[in-house]
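Taken together, the values in this text are just the output of simple stated rules run on the coordinates, not laboratory data. Not measured: the values here are computed from a predicted model.
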Amino acid sequence: MKPFDSFVSPLIIYLILVSGGIKAQALLPISIESDLAERNEKTGITIYKGNVLITQGNLSIKADLVTITENAEQISKIHCAGSPASFKQLDITSQTPDLIGTADDVEYLLQEQQINLKQNASLSSYGTLITGDSINYDLKNEIWKAGGAENSKKRIRLFIPPKSEKTKNLIP
């Protein structure tokens, strides 16, 4: 694998799976901006530091630090850290966000097809918002699990908006 491919291929996989548009997103170019990038070919780790911005199609990711781990020519983990790190996917038809996630620590496990948001986590989709200390999202099965901080009384919070204009009048 060429050094440039080692930088880009992990991001292609991540952006495609998170965006949900597997075929469409794969054909779009990826833009990566950061203050610094470093690749260690022996360990298979690529690090992007400083104001990292990754975009592909309708998806964007912002973080202070992005680490991509590759094992045996296969990407195993993508880790984003920030205050907070965030990702946003736009609805293609309306160009409004349909999925927004933020946390101090975002981990994507490729083999497990799971995203873990840790510390000050929030996940929003079409107005539904969940917050907590941690949120785990199973991409394959579309299942989320949220929890509060273990050593505090912090709990999760879920906000579900009305489904239509008619039901808005039913809320006191």
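Observations
- When restricted to Cα atoms, segment 29-86 yields an Rg and a Dmax of 11.5, 33 Å, respectively.
- Those aspartates and glutamates that a straight Cα-Cα span of less than 16 Å connects to Lys154, excepting residues fewer than 8 apart in one chain: Asp133
- On full extension, the segment bounded by Arg155 and Asn141 gains 2.6 nm, given 0.36 nm per residue less the C-alpha separation.
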